[in-house]
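Quick notes on the structure that follows.
The values are calculated or read from the model by the stated rules, or taken from the named source; none is laboratory data. Note that the structure is predicted; figures quoted are calculated from it, not measured. Cβ sites come from the backbone with ideal geometry, for glycine too, and all protein chains shown count toward neighbours. Only protein heavy atoms, including side chains, enter the accessible area calculation; ligands, DNA and RNA are left aside. Shrake-Rupley method; radii C 1.70, N 1.55, O 1.52, S 1.80 Å.
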Amino acid sequence: MTAPIETTGAEAEAQPEAVLVGVKKSQIEGRSLGQIAWMRFKRDKAAMAGGIVVGLLILMAILSRPIQWLFDLDPNKLNQNLVDPTLRAPYGGWGGMSWDHPLGVDPGFGRDLLARIIEGSWVSLIVAVGATLLSVTIGVVMGVVAGYYGGWVDAFVSRMMDTFLAFPLLLFAISLSASVQDGFWGITGLPLRIGVLIFVIGFFNWPYMGRIVRAQTLSLREREFVEASRSLGARGPFIIFRELLPNLVAPILVYSTLLIPSNILFEAALSFLGVGIAPPQASWGGMLTEAADQYEVDLQFMFVPGLAIFVTVLAFNLLGDGLRDALDPRSK
C-alpha cells in the first residue's frame, strides 16, 4: 500500500479543484433565463428583422410631429396645382412621385402621401397598443382568477368569455362609433374617436387573452412551488402575484405582440367603413377608404397605405413568432 501524499496547508489552499486549460471565465459562467432567451432570439434573423422594423415604426410614430416640422411636411396641405382637375389624377407617373413628394400625392387634393403616412402612424399604433393593453389587463385578471380559484368562479368567468366571443363585435363597433360622433361626456373630435376605438377593440377582445392565461394558470396551480407556498400559509392574492404571474410573463408578452397587428387591422377596417378616424386626420385605414374610389385613376394611392399596413402587421407577427420560440424552452 502506498503512503498518501502529504501536502502542506498553503499548497492545499492554493491547489484548485479543477483546471480547464484554454477556457475563459466567460465561457463557463452561468447565464440567466433572459440571457438564454436573448441568445435564441438573436439567432432568428426573421424575428430580428421584425423587431428592427417595429422599433423604427414606433420611433416614427413618437417623432411624427418633429419629423414633419424638420422636413417641412404638412399632411393636410393642399397642392391643387399637382392634380389634373379634369381627371382628378396627379400629374406625372406613379401617383405624382417626385423629389418633393417621394411617395406621390393623393388624387383628390394633392396632399403629400409621405406626410400622411407618417401622421397616420401614431394614430394606428396608439389605437392598437391602447386596445392591446386594455385587453391584456382584463384578460390576465379574469384568466388568472378563474384558473386559480376554479369552481363557480371559473364557471362564471368561462361563461362570460363565451358570451363576449359570441358578441357581434363589428356591428357593435359600427353602431357605437356612429352614435358618439357628436360628443360624449364633453369629449369631442379626435380624442373621442381614439378613445371609442380603444374601448371597443380592447374591451371585447379580452376573452382571447383570458382563455390563454386561464389554461396556463390551471397547469401552474398544481406545480410544486405553488403547493409549497400553500403549505407555508400563503393566501390566494400572494400566490397569484408572487408565484403565478411571474411565470405567465412569457405567454402574455408573446400573445400581446401577436394581438397588436390584429388590432391595427381592426382599426383600419373601422376607418375604412367610415366609423373610425374621421378626416381630415390622416389614418392608414382612412387613406384606404379615400383610395377605394380612386383606384382606377391612381393605383398608387391605394398601394402606399396598404403597404404600410402590410409591413407593420408582418413585422409584429415575425416579432411575436420569434419571442415565442425564444421564450419556449421546448422549441428547437
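Descriptive notes on the structure:
- Restricting the range 176-200 to residues that are buried (at least 19 other Cβ atoms within 10 Å of the Cβ), closer than 18 Å to THR132 by Cα and touching a Leu at 6+ places or on another chain (Cβ under 8 Å), the residue that is modelled with the highest pLDDT: ILE198
- Filter result (not in a helix (DSSP H, G or I) and not small (Gly, Ala, Ser)) within the range 30-65: ARG31, ARG43, ASP44, LEU63
- Within the range 63-99, the set of residues being among the aromatic types (Phe, Trp, Tyr) and either open to solvent by less than 70 Å² (accessible area, probe 1.4 Å) or at positive phi (or both) comprises TRP94 only.
- For the range 151-174, filtering for residues that are in a helix (DSSP H, G or I), closer than 18 Å to ILE198 by Cβ and not small (Gly, Ala, Ser) leaves 5.
- Residues in the range 279-297 that are surrounded by fewer than 21 Cβ atoms within 10 Å (Cβ to Cβ), assigned to a loop (DSSP other than H, G, I, E, B) and in contact with a helix residue (DSSP H, G or I) (Cβ under 7 Å, 6 or more places away or on another chain): PRO279, GLN281, GLN294, TYR295.
- Checking the range 255-278 against the condition returns no match, with no residue being under 17 Å from GLY147 (Cα atoms) and surrounded by 15 or more Cβ atoms within 10 Å (Cβ to Cβ).
- Considered as a group, the residues in the range 53-62 that are touching a residue at least 24 places away in the same chain (Cβ under 8 Å) and either touching a Pro at 6+ places or on another chain (Cβ under 9 Å) or over 10 Å from PHE316 (Cβ atoms) (or both) include one that is least open to solvent (accessible area, probe 1.4 Å), and that residue is ALA61.
- First in the range 111-125 and surrounded by 22 or more Cβ atoms within 10 Å (Cβ to Cβ), second anywhere and among the basic types (Lys, Arg), Cβ under 6 Å, 6 or more apart: none
- Cross-chain or 6+ apart pairs with Cβ under 9 Å, the range 73-89 first and more than 18 Å from PRO102 (Cβ to Cβ) and part of a strand (DSSP E or B), then open to solvent by 100 Å² or more (accessible area, probe 1.4 Å) and not acidic (Asp, Glu): ASP84/TYR91
- Matching residues in the range 201-246 - criterion: being open to solvent by less than 60 Å² (accessible area, probe 1.4 Å), in contact (Cβ under 8 Å) with a residue 60 or more places away in the chain and of a type in the set (S, T, N, Q): ASN205, THR217
- Considering residues of the range 80-116 that are of a type in the set (S, T, N, Q) and in contact with a Gly (Cβ under 8 Å, 6 or more places away or on another chain) only, the residue nearest to GLN294 (Cα to Cα): GLN80
- Verdict on PHE310 being closer than 26 Å to LEU197 by Cβ and either buried (at least 17 other Cβ atoms within 10 Å of the Cβ) or among the polar types (S, T, N, Q) (or both): no
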